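Any read-out appearing in this document is the output of simple, stated calculations on the displayed coordinates, not a laboratory observation. Note that this is a predicted model, so its numbers are computed, not measured. Here Cβ is always computed from backbone atoms with ideal geometry, including for glycine, and neighbour counts include all displayed protein chains.
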Amino acid sequence: MPNETTVLIGQRCEQLESRPLMSLHQGDCIRLHSNNGVFQVIGIDGDHDRCWVRQWPLEPKGSPVFEVPLDQIHSESGID
């Protein structure tokens, strides 16, 4: 996921796009703004600002995977 400002040129306009400074990798354990639990990152789509996560630790029969917008992740998700 790029952390730079890019210029997108349209037909007759310019738009500045800025991405948040966050380092997120597949396998990371994170916390969400909407939930106190711990979740594992399964996949990341930086172009569309979303990722897929599952509850951690895994449940005996597995944990369902769901999509989360990147802005719902705590920027300081350090899990001990």
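Okay, here's what the table says:
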{"quantity": "Relative packing of 44-56, 62-74, which averages over residues the other C-beta atoms within 10 Å, highest first", "calculated": "44-56, 62-74"}
{"quantity": "Value of relative contact order over the stretch 22-72, rounded to a whole percent, pairs C-alpha under 8 Å and six or more apart", "calculated": "28 percent"}
